[in-house]
1. So which trypsin sites (Lys or Arg not before Pro) in the range 266-347 end up in coil per DSSP with only 13 or fewer other C-beta atoms within 10 Å?
2. Subtracting the Cα-Cα distance from 0.36 nm times the residue separation, let me have the gained length for T27 to L307 in nm, one decimal.
3. Using label points projected 7 Å from each Cα along Cα→Cβ, tell me how many nm separate D102 and D132, to one decimal.
4. I need the calculated FRET efficiency for the pair S57 and I120, taking r as the beta carbon distance and R₀ as 25 Å, to the nearest 0.05.
5. When only DSSP loop residues count, what GluC sites (Glu not before Pro) in the range 49-137 have their Cβ near at most 13 other Cβ atoms within 10 Å?
6. Report, in debye and to the nearest 20, how large the dipole of the chain comes out about its Cα centre when Lys and Arg carry +1 and Asp and Glu carry -1 on their Cβ.
7. Could you state the accessible area per residue of the range 48-164 in Å², with a 1.4 Å probe and every protein chain left in place?
8. Roughly to the nearest percent, how much of the accessible area of the range 291-351 is carbon and sulfur, given a 1.4 Å probe?
Amino acid sequence: MFRLSHILLVGGGHAHLSILRNLLNETARDFEVTLISSSKYQYYSGMFSGFTEGLYSEEEIRIDLESLCKKASVSFIEDTIISFDPLQKVLLGFSGGIYNFDVISFDIGSGINSELTKTIGLNIKPNYQFPDQIKTFRSSEKPVVIGGGSAGVELALSTLAWRRKKNRNRAPVTLISSSPLLDSYGAAATKKIRGIAKNHDLRFYENEQVEDVTEDYLLTSNGSRIAYSAILPVTGPKASSIFKQALLPIDKAGFMMVEDTLQNHEFPFVFGAGDCVTLAGYEHLPKNGVYAVRQGPVLWKNIKNYLSRQSLDRFYPQKKFVSILSTGNQNGLFTYGGFAVQGKWAWTLKNMIDKRFMNKHH
């Protein structure tokens, strides 16, 4: 008896959203598709700073995965995968659900790499937790962001902007970074963001690590004693434990290794994209949504080609990409390679790009 091949998509990240958009127009199929996600909503991190500042509503920053799947004739299941056996081609969900597949793809993002999220720190991941966590954080008396990368800088400045609008700026917003601010963006971006931070009276500490935490204050490696009422760690990506548990090839941090075809080397029916994977040969590539967006079309073509036994395309990450960070009060920092410039036009461009992206999914 003929059986359709079953494609299982785990997670609603950028690459899988690209697949759903393609499926809206692919009516003739010789396969079935199911998407499993921990939430029916996928929150778009590009608009998190705008939500924090109060520029967007919760509805404006989320995609209804269940509705999008229905339009694309894809089965949707709300569940969190807790176990994966690639040999048996079976997954176990937190709900007790058991899921079989012929080809599987993971696009589940990453967690926050901080022990503080297990104790007193707020945790904005998985990203459907973001709205409630950020509301608590921005209203807190003495909020402290830990992490001087793009997410930390954006959330610190947008929290500051929201507090000023609400006249809740009696205590400062503090940002602690273990390296120079925006270090991975280059010297020009670091210099620009320092000036912006000073102009906004953001209290920031660079090249300092949190060494101890008491009920009332943080103690850093340089001896700084910083009072806090809420801590928001955004200190880099953390891998899901599921890949190590499944005995898949992983990198040193636990992220699933994929070839340039976006396949796992040992299990060619296992694909992956976005922050949850590491691309062989590009182990130091930053976990950035730009790559996931570009991986989407390659991923979908390769999944279908694998099923039909055709040759697969290769994904080559670009060396430079445009990045626009919100710096509060509808201003943005535009960066490309070693170039960095700030202005209201940058935020206007970012807002246009973000809204155009969201409109594709409604």
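1. Answer in residue order: R309, R314, K319, K320.
2. Details: separation 280, 0.36 × 280 = 100.80 nm, distance 1.72 nm.
Extra length from T27 to L307 when fully extended: 99.1 nm.
3. About 4.0 nm, to one decimal.
4. 0.30
5. On the way: sites: E53, E58, E59, E60, E66, E78, E115; in loops: E58.
Hits after loop and neighbour filter: E58.
6. Here the chain has a charge dipole of around 1220 debye.
7. Accessible area per residue: 40 Å².
8. Numbers: 1670 of 3160 Å².
Roughly 53 percent, rounded to a whole number.
The values are calculated or read from the model by the stated rules, or taken from the named source; none is laboratory data. Just so we're clear, the structure is a prediction, and the values are computed from it rather than from any experiment. Glycine gets a Cβ as well: all are built from the backbone with ideal geometry, and neighbour counts include every protein chain shown. What goes into the accessible areas is simple: the full protein's heavy atoms, side chains included, and nothing from ligands, DNA or RNA. Shrake-Rupley method; radii C 1.70, N 1.55, O 1.52, S 1.80 Å.
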